Amino acid sequence: MSAPVRVRMAPSPTGSPHVGLVRTALFNWAFARHHGGQFVFRIEDTDKERSTDESLASIIDLMRWLGLDWDEGPEVGGPHAPYFQSQRGDIYADALARLQSSGRVYRCYCTTEETEGRALAKKEEYAAAKAAFAAAGGQGTKPEAPVMGYDGFCRDLTDEQIAAFEAEGRASVPRLRMPDGSITWNDLVRGEVTFETKHVPDFALARANGDPLYTLVNPVDDALMEITHVLRGEDLLSSTPRQIALYEALKEVGIAKATPEFGHLPYVMGEGNKKLSKRDPEAHALAYRDQGFVPEGLLNYLALLGWSIAADRDIFSLEEMVEAFDIKDVNANPAKFDLKKCEAINATHVHQLSVEEITDRALPYLKRDGVISDPVSDADAQLLELAMPFVAERVSKLTEVGDLLHFLFVPEADFVLDEADKAKMVDSDEGQAVLQAAYDALRSLEVWSAAQISDALTQALVEEMGLKPRVAFGAVRVAATGRRVSPPLFESLELLGRERSLGRLQGALS
Ligand code: GLU
């Protein structure tokens, strides 16, 4: 590749960030890192009504959490600052003035009503021609459907016509004159893509009051920031022929050095093969952090939405992705979002972490969920360290640490048994008999250790009462931990301590 690679992600800060945005960010980031290039982060906040500070903050927060670092952009600055479109008004005004001096942009004086009126008339004319064609039994030339959208009415106004419109005090917008023929580019994901320009109407670059539109600012920024590759979602494919045409004008007026290459990443589909939308709960990227996913897991899964490292391999690290990432390997077909697979991949990444690492990462969740008080007392920190080896392998999300360890930290006054588990395992005659026997066996234990507890309970419940271990230990487990799912029972009782364990067994006896 000739020029050093410069890619960007350019989110509009509206609403809560979508997993599609993360996928786009990840592919751009991996592409930049693979080629030793630069990853630019630009905020497309031209839509003042819809852009919010809250959305911006959550996008930045998300990128930081994921570890997708940017070389230029908010918080880090860079040679092309500012990186917020809302702060680049002068740049766009200058670009517009230069473009207007080229022959490729003309002023359009049509009102919306006039444009729509003409479009309607064309539609009606077509309907009539079609009917006549059918009535003639298909004889003659088949009428062609009219091209919708702006019809180029003001393309070739004479100086007198312009003067007359100006004298009327009409407002006008600048429009780019689309070239005749077709526009073709070699899409990095989809291969050759061609649009006939007769289907791409001349488009406005700014509002009548001079406010620049997205159609102008996005390519102007890409040009000035010297973006070499535009990798973005397929939803933007139809804007690409317009942008390529605008690039020709930008090059002519010395704003762009070159037209970037484009690659359109496949759609992400949700349930029922519909595009994953903001209404789908699994679309919200930060919800994964809230639910205790680890960034390695989420990124690994999102990488699979269009890319794979090898035929039979789903699990990889970010470093491995960077090493192997080639945009040409991205599949153009829509990718299906599969939450179960995302969870499974996340679980694998959690299990690759050390116990200490899981503990550190779980701690904020334990505090957030009120499992452990904040600041953490020495006693709680010690208990947590002792308990973590028994839960690390059992959790697939960080929030599950709290689910499994809640029983250890909860004050006795607040300790309650899960209703359903209690009804099933504790309240029956058999459950009560088990708990009484367990209580009696444990009360006289000399050393309160998992091994001693195991021996005593096995002897009393399995050998003497002849119970199946599942039944015997299940009742004890529910009584002591509150649930049928817990860390290993004997270790749990050891950690809980003699007093609390016996107290809970007694409390479960009616
Ligand atoms: N701001 C645009 C969006 O959020 C991105 C446009 C682009 O990547 O070119 O959809």
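Name the helices (runs of 4 or more DSSP H) wholly inside the stretch 291-375 in which the number of residues that are surrounded by fewer than 21 Cβ atoms within 10 Å (Cβ to Cβ) is 2 or more.
Once the helices (runs of 4 or more DSSP H) in the stretch 291-375 are filtered for at least 2 residues that are surrounded by fewer than 21 Cβ atoms within 10 Å (Cβ to Cβ), what remains is 318-324, 339-351, 355-368.
For residues in the stretch 98-128 being outside any helix (DSSP H, G or I) and touching a Phe, Trp or Tyr at 6+ places or on another chain (Cβ under 9 Å), which is farthest from Leu250 (Cα to Cα)? I'd like the intermediate steps shown before the answer.
Just the residues of the stretch 98-128 that are outside any helix (DSSP H, G or I), to begin with: 102-111.
With the extra rule that they be touching a Phe, Trp or Tyr at 6+ places or on another chain (Cβ under 9 Å), the set shrinks to 107-110.
Numbers: Arg107: 17, Cys108: 20, Tyr109: 23, Cys110: 25 Å.
Here the answer is Cys110.
Please determine, by comparing only the residues of the stretch 1-16 that are farther than 18 Å from Ser86 by Cβ and surrounded by fewer than 24 Cβ atoms within 10 Å (Cβ to Cβ), which one is farthest from the ligand (Cβ to nearest atom).
Top of the filtered list is Ser2.
Residue-wise test of (1) within 16 Å of the ligand (Cβ to nearest atom); (2) modelled with pLDDT of 95 or more.
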residue	(1), (2)
Pro174	no, yes
Thr184	no, yes
Val189	yes, yes
Phe195	no, yes
His199	no, no
Leu205	yes, yes
Pro219	yes, yes
Asp222	yes, yes
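Filter the stretch 241-262 down to the residues that are away from the ligand (no atom under 11 Å from the Cβ) and outside any helix (DSSP H, G or I), then identify the one that is surrounded by the most Cβ atoms within 10 Å (Cβ to Cβ).
Looking at residues that are away from the ligand (no atom under 11 Å from the Cβ) and outside any helix (DSSP H, G or I), I get Ala256.
Failed condition for Ala456, given (1) at pLDDT 95 or above; (2) closer than 12 Å to Val434 by Cα, with all others met?
Of everything listed in (1) at pLDDT 95 or above; (2) closer than 12 Å to Val434 by Cα, Ala456 misses just condition (2).
Please pick out the residue among Trp65, Trp70 that is more than 21 Å from Gly210 (Cα to Cα), hydrophobic (A, V, I, L, M, F, W, C) and assigned to a loop (DSSP other than H, G, I, E, B).
Going through Trp65, Trp70 in turn, just one is more than 21 Å from Gly210 (Cα to Cα), hydrophobic (A, V, I, L, M, F, W, C) and assigned to a loop (DSSP other than H, G, I, E, B): Trp70.
Just to be sure I understand, how many residues within the stretch 453-490 are in a helix (DSSP H, G or I), surrounded by fewer than 20 Cβ atoms within 10 Å (Cβ to Cβ) and of a type in the set (D, E, K, R)?
Residues flagged as in a helix (DSSP H, G or I), surrounded by fewer than 20 Cβ atoms within 10 Å (Cβ to Cβ) and of a type in the set (D, E, K, R) within the stretch 453-490 amount to 4.
Please list, ordered by first then second residue, the pairs with beta carbon atoms under 7 Å, 6 or more apart or interchain, first in the stretch 401-417 and part of a loop (DSSP other than H, G, I, E, B), second of a type in the set (D, E, K, R).
Short answer, once both residue conditions are applied: Phe415/Arg504.
Take Ser238 and tell me if it is of a type in the set (Gly, Ala, Ser), away from the ligand (no atom under 11 Å from the Cβ), assigned to a loop (DSSP other than H, G, I, E, B) and closer than 24 Å to Phe337 by Cβ.
No: the conditions fail for Ser238.
Can you name the residue in the stretch 19-42 that is touching a strand residue (DSSP E or B) at 6+ places or on another chain (Cβ under 7 Å) and not in a helix (DSSP H, G or I) and is also nearest to the ligand (Cβ to nearest atom) among such residues?
Per the criteria, the residue is Arg42.
Yes/no per residue for (1) polar (S, T, N, Q); (2) in a loop (DSSP other than H, G, I, E, B); (3) surrounded by 14 or more Cβ atoms within 10 Å (Cβ to Cβ):
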| site | (1), (2), (3) |
| --- | --- |
| Tyr150 | no, yes, yes |
| Cys154 | no, yes, yes |
| Leu157 | no, yes, yes |
| Glu166 | no, no, no |
| Thr184 | yes, no, no |
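Need pairs with beta-carbon distance below 7 Å; first residue at positive phi and within the stretch 226-247, second outside any helix (DSSP H, G or I) and more than 8 Å from the ligand (Cβ to nearest atom); sequence gap 6+ or separate chains.
So the pair list comes out as Glu226/Arg6; Glu226/Lys257.
The values are calculated or read from the model by the stated rules, or taken from the named source; none is laboratory data. This structure is a prediction, so every number in the text was calculated from the model and none was measured. Quick reminder, even Gly has a Cβ in these numbers, built from the backbone with ideal geometry, and neighbours come from all protein chains shown.
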